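A.B. asks: The structure's right below; bear with me while I get my questions together.
Each value in this text was obtained by applying a stated rule to the coordinates, not by laboratory testing. None of the values given here were measured: they were computed from a predicted structure. All Cβ positions, even for glycine, are placed from backbone atoms using ideal geometry, and neighbour counts span all protein chains on display.
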Amino acid sequence: MASLAVSLAGLELRNPVLSASGTFGHGLEMQHFAPPRLLGGLVSKTVTLAPRPGNPLPRICETEAGLLNSIGLENRGLEYYLREIAPAMRAAECVVITNIGGERIEDFAELAARLDGESAVDALEVNLSCPNVQGGKLPFATDPRTAEAVLRRVRASTRKPLLAKLSPNVTDIGEIARAVEAGGADAVTAVNTLLGMSVDWRTGKPGINTVMGGYSGVGVKPVALRCAWQCVSAVKIPVIGCGGVASASDVLEFLAVGCRAVEVGTSCFSDPSHIARLPEQLAALLEGAGFSDVNQRIGVLGKGQATPACRPPVAGHA
Ligand SMILES: Cc1cc2nc3c(=O)[nH]c(=O)nc-3n(C[C@H](O)[C@H](O)[C@H](O)COP(=O)(O)O)c2cc1C
């Protein structure tokens, strides 16, 4: 069987398939569908300092190719996570990554400091798509200085490996990736959801209560792949791809552009057990193509294929 083990940011993953934050509970809720021993890692739902009720309903709706959501980071807060979730996660037979979110830079620092001593947690993923209440409610991920400042404060608050999760809703994601690398991130996760919306023209009602929300699923894969590649091209730290992964060949596409692992989100909603089958499907695809180790496919696109700094063709002027 082809070797699937990959390493990144000091973490040894048995395979490059992780769950994506917010789509798989904190991880163990899904163990009867997807035993953790089959996965590379589990990424928790975003944990915030205080409990959050989330946004009013409806806060999720289907589109032609994927989901729109505005859950609003509903979660029971850090105390609950430390008391009820983290101790159980110690039994998870895979890498455990806790995703953290805040409204102020200090929130992220406090979360990181409090989680630093928790043995169940192997790494932290910093959700930079949270709105910055001290910065006009724009997400931290949209400004390189703010994104760097968050990582710098979190870095000073924990010894755990840090993944910075970026937003695709920016002009130059490579610039943000460089900023979080400078702030001390050990890896980049690319990407969170794309800003989208839907409307029923008959009723005039939006698909979700907040009108605009996060778009995810198969429709976003080309955008996520482009973002991941731009990050790979911009930084030396490893990149984890995320967005629209639904099959083993999707996993290999993200690896081909240079990602060391992927996170699988929306496709888990239609079948929460499929993520656990991806590793063996990945091994079969590799073997069928004559490869014995998944690492042989990482970065095969090559950084020199094109320069991400070059202007993309303008529609109609390609
Ligand atoms: C219902 C839902 C809830 C999500 N909640 C979070 C979250 O709490 N924190 C986070 O960083 N990302 C969250 N995400 C984003 C996913 O982790 C992922 O980045 C995004 O959906 C793209 O991957 P996908 O197309 O495989 O779903 C959520 C996505 C969905 C669909």
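A.B. asks: Add -39500 (n - 2.57) for each DSSP H run of 4 or more in the chain, then divide by its residues: what number comes out at 222 nm, to the nearest 500 deg cm²/dmol?
C.D. replies: So the calculated ellipticity at 222 nm is -7500 deg cm²/dmol.
A.B. asks: If the elastic network links every pair of Cα atoms under 10 Å, which of GLY117, GLY183, GLY243 fluctuates the most in the Gaussian network model of the chain?
C.D. replies: Highest fluctuation among the options: GLY117.
A.B. asks: Could you rank the peptides 121-128, 205-212, 289-296 by their average count of other C-beta atoms within 10 Å per residue, with the highest value first?
C.D. replies: Sorting 121-128, 205-212, 289-296 by mean packing, highest first, produces 121-128, 205-212, 289-296.
A.B. asks: Please compute the length gained on full extension between TYR80 and TRP201, using 0.36 nm multiplied by the number of residues separating them and subtracting their Cα-Cα distance.
C.D. replies: 39.4 nm
A.B. asks: Once you've got the GNM for the chain with C-alpha springs shorter than 10 Å, pick whichever of VAL257, VAL199, VAL17 has the biggest mean-square fluctuation.
C.D. replies: VAL199
A.B. asks: What percent antiparallel are the DSSP beta bridges of region 6-297, to the nearest 5?
C.D. replies: That works out to approximately 40 percent antiparallel.
A.B. asks: I would also like to ask the following. Alpha carbon centre of region 216-266 versus region 70-118: separation in Å?
C.D. replies: What the calculation gives is 24 Å, centre to centre.
A.B. asks: In percent, what relative contact order does the chain have, based on Cα pairs under 8 Å that are 6 or more apart in sequence?
C.D. replies: 20 percent
A.B. asks: With r as the distance between the Cβ atoms of GLU29 and ARG159 and R0 = 41 Å, compute the FRET efficiency 1/(1 + (r/R0)^6) and round to 0.05.
C.D. replies: 0.90
A.B. asks: Another question, then. Which is farthest toward the positive dipole end of region 6-297 among VAL232, VAL251, THR48, measuring Cα position about the Cα centre, with Cβ charges +1 (Lys, Arg) and -1 (Asp, Glu)?
C.D. replies: THR48
A.B. asks: What does the highest-first list of 274-283, 91-100 look like by mean Cβ count within 10 Å?
C.D. replies: Per-residue Cβ counts within 10 Å, averaged per peptide and sorted highest first, yield 91-100, 274-283.
A.B. asks: Quick one: give the max-minus-min coordinate of the C-alpha atoms of the chain along each principal axis, largest first, in Å.
C.D. replies: Principal extents (largest minus smallest coordinate, Cα): 53, 50, 40 Å.
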